[in-house]
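Encoded as C-alpha cells, the structure appears first; notes follow it.
Bear in mind that the values in this text are calculations on the coordinates, not laboratory data. Treat the numbers as computed from the prediction; the structure is a model and nothing was measured. Cβ sites come from the backbone with ideal geometry, for glycine too, and all protein chains shown count toward neighbours.
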Amino acid sequence: MKSMYLRETRSTNMVLKEMLREYELPEGFVLRTDFQSAGKGQPGNSWEAEKGKNLLFSVLLYPHHIAITEQFILSQLVSVAILRTLNSFCTGFSIKWPNDIYFGDKKIAGILIENSLQGTKLNTSIVGIGLNVNQKIFRSDAPNPVSLRQITDKNQRRKAILQNLLKNIQELYKKMDVEAIQKEYSENLYRRDGFFTYRDNDGFFDAEIAAIESDGCLKLKTRNGEIHAYYFKEVAFVQNA
C-alpha cells in the first residue's frame, strides 16, 4: 500500500478528503500521522491521542462493488481486521456495536468511515482508525480508554502493528467473503451473551443482543421477549458502575 506520513495534522480523514479533490490516489492509499489537532470519532465525539504514542491513520478504498444498502459490511470488515490484529497479543478483545474495539469494558480503538456515493453504489470510502498503542495516561473526559501498553505492560512497535493491521484489512477486503465477515463480527460482539442494561429515548431497560442486520441495525430482545430495533445513536450501552 502506498502511504504518506504527516508529523501532525488536523485529521487524517479531513486531509485525505481534501487530497482526493486534487489528486488521483490509488486504492489502499494510507495517510498516517503522529498527532491530530482535530481528531474525530463518530459525529459529536473527539479522539484523544498523545503525540507519537498511538496509531492514527486513514485508508482510502473504492468499494464500487458494494451497494449503498450494504455499506455496513465495511464497518464489520475493518472491525474484524483490528480484532485479529489485537488478538495476536492476548485475548479479551471484542467489537462493541457498531465499530468500537473493546478490551473488557474499556475502549482501545475507534473507527470513522466516511463514504461518498455514486448512484446506488459507493464511490469512495475513507476509513479512519484510531488505535491506542503506547499511551499510559489519558487526560480527557472519555469514560473508559485503554491502550495496548496498559494491557501488556510493555511498549509495542507501532509500525509492526500498522503493517499487520493493513495486511488484515487488505486480505478481508480482497476476498470479501460477506458471510464469513458477518459471522466473525457477530461471534466477537461485546456483551454478546446475556442481558445487559441499555438506554433509549424511553429510558433504561435490560436486553440481550438478538441480531445484527446487514444494514447495521441492532436488534435487542427484552426480558419479556419484545424485539426492539436500533440504528447508530438511537440506543446506548450502559456501563457498569
Length added when fully stretched, H64-S116, from 0.36 nm per residue minus Cα-Cα
17.7 nm
For segment 196-237, what is the relative contact order in percent, using Cα pairs closer than 8 Å and at least 6 residues apart in sequence?
36 percent
For the chain, what does the alpha-carbon gyration tensor say about shape, rounded, prolate or oblate, given a ≥ b ≥ c as the root eigenvalues, a/c under 1.5 as rounded, and a/b over b/c as prolate?
oblate
Quick check: from the Cα gyration tensor, does segment 128-195 come out rounded (a/c under 1.5), prolate or oblate?
oblate
For K107, go through the lysines and keep the ones whose alpha-carbon is under 25 Å away, minus same-chain ones fewer than eight residues off.
K40, K51, K53, K96, K136, K154, K159, K167, K183, K219, K221, K233
Estimated distance in nm for a label pair at K136 and D202, the labels positioned 7 Å out from Cα along Cα-to-Cβ:
4.9 nm
Over segment 3-187, what is the relative contact order in whole percent, taking alpha-carbon pairs under 8 Å and six or more residues apart?
22 percent
Of all DSSP beta bridges with both partners in segment 1-115, the antiparallel percent, nearest 5, is 70 percent
Once you have a ≥ b ≥ c as the square roots of the Cα gyration tensor eigenvalues for segment 196-237, tell me rounded if a/c is under 1.5, and otherwise prolate or oblate according to whether a/b is larger than b/c.
oblate
Dipole moment magnitude, nearest 20 debye, the chain about Cα centre, only Lys, Arg, Asp, Glu C-beta charged
1020 debye
Distance between the C-alpha centers of segment 184-241 and segment 102-158? Whole Å please.
21 Å
